Amino acid sequence: MLNTIRAYLEGALTRTSEALTSANRTLNLWIFGDLIYAVLPLLVLAAITALLGQSFEGFLRIKEWSFATIIFFGVSIRNLVRLKVRIQHTPKSYKLDTGVQMYVMLLIASVLVLALVILSEKNVLPTGHEKLLSISQFMLFCIGGLSLLMSVEARDVGINWAKRGTDPASTTEWRLRQVNRELSNTEERLSYLADAIANFPQKASAGSEGDTRLHDDKRATSIAFSTLERISAMTKDIECNLERVLAGKVKDCVDHSANLNSSGKV
């Protein structure tokens with residue numbers, strides 16, 4: 001019992017230490033890698049304003065807030081696109097795609113706010129909206145900073161995965177997790193397919209329209225059987241390859257998919 005508690009505490013301490021190290025690395029990359037260069041002009045302007053003894057009343061209305069926000073979203077988009085190209089092995093990922101599209105929309109909003117701020121400075125817009133523009137700029141600035149932090153975290157995790165991928169054991173472990181995830185998704189789809197087939201109507205309508213439907217149903221059923229044969233062949237190939245990976249040795253696997261295609265059952 002004591003050994004179990006000790007092992008649990010050691011594991012918890014190890015995980016906590018790794019989490020703190022990862023958080024510290026991410027914050028350093030966020031602050032000193034990208035954030036400081038966008039915020040530096042604002043810090044210089046704030047310092048000059050303070051040294052001259054001027055009021056900070058209109059400080060939130062300066063267009064440099066929007067400049068920094070545009071940089072935030074631009075770097076965030078670059079990080080996600082780089083992560084998608086270099087790390088991701090799945091052709092499509094709704095998380096990365098949605099993140100990129102969201103950042104693009106926020107980038108467009110930041111550019112529009114910047115245009116309004118410039119027009120306001122040139123007295124093109126009517127007065128009375130300065131407070132709204134100031135709040136909009138600052139909110140987009142905060143959202144941009146958080147978006148940059150999340151993209152840096154995603155990039156850091158992706159780099160760690162890539163580094164671990166140089167180790168054959170880590171590569172195998174990572175790919176097995178990917179395989180298990182895809183198999184789980186496939187199982188859900190096949191379960192839905194089985195339910196859909198079980199609820200098919202049993203009889204076709206009478207008459208010429210019914211004959212046409214029956215002919216179409218037979219043709220569709222034939223195509224479905226061919227597809228099932230290909231799935232069965234792929235399943236045999238996957239099973240053999242998984243056994244080869246787990247055994248850690250070379251095993252001759254018959255390519256059932258190739259044999260099925262060569263036999264003309266497509």
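The values are calculated or read from the model by the stated rules, or taken from the named source; none is laboratory data. Computed from a predicted model, the values in this text were never measured in an experiment. Note: ideal-geometry Cβ built from the backbone for every residue, glycine included; neighbour counts use all protein chains shown.
Here are a few things to note about the model shown:
- Residue in segment 224-244 that is of a type in the set (Val, Ile, Thr) and at pLDDT below 75 present: no
Condition check ((1) assigned by TED's automatic domain parsing to the domain that holds VAL152; (2) closer than 13 Å to SER147 by Cα; (3) polar (S, T, N, Q); (4) outside any helix (DSSP H, G or I)) across all residues:
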site: ARG15; (1), (2), (3), (4): yes, no, no, no
site: SER22; (1), (2), (3), (4): yes, no, yes, no
site: TYR37; (1), (2), (3), (4): yes, no, no, no
site: LEU43; (1), (2), (3), (4): yes, no, no, no
site: ALA50; (1), (2), (3), (4): yes, no, no, no
site: GLN54; (1), (2), (3), (4): yes, no, yes, yes
site: THR69; (1), (2), (3), (4): yes, yes, yes, no
site: ILE77; (1), (2), (3), (4): yes, yes, no, no
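- The condition of being small (Gly, Ala, Ser) and modelled with pLDDT under 80 holds for only one of GLY53, GLY11, that being GLY11.
- So GLU153, is it at pLDDT 75 or above, under 30 Å from LEU228 (Cβ atoms) and not hydrophobic (A, V, I, L, M, F, W, C): no
- Subset of segment 95-114 (residues that are small (Gly, Ala, Ser) and loosely packed, with under 12 Cβ neighbours inside 10 Å): none
- Looking across segment 41-74, the residues that are surrounded by 11 or more Cβ atoms within 10 Å (Cβ to Cβ), over 18 Å from ILE143 (Cα atoms) and aliphatic (A, V, I, L, M) come down to VAL44, LEU45, ALA46.
- Selection within segment 23-37: residues that are among the aliphatic types (A, V, I, L, M) and over 24 Å from THR98 (Cβ atoms). The member of this set that is modelled with the lowest pLDDT is ALA23.
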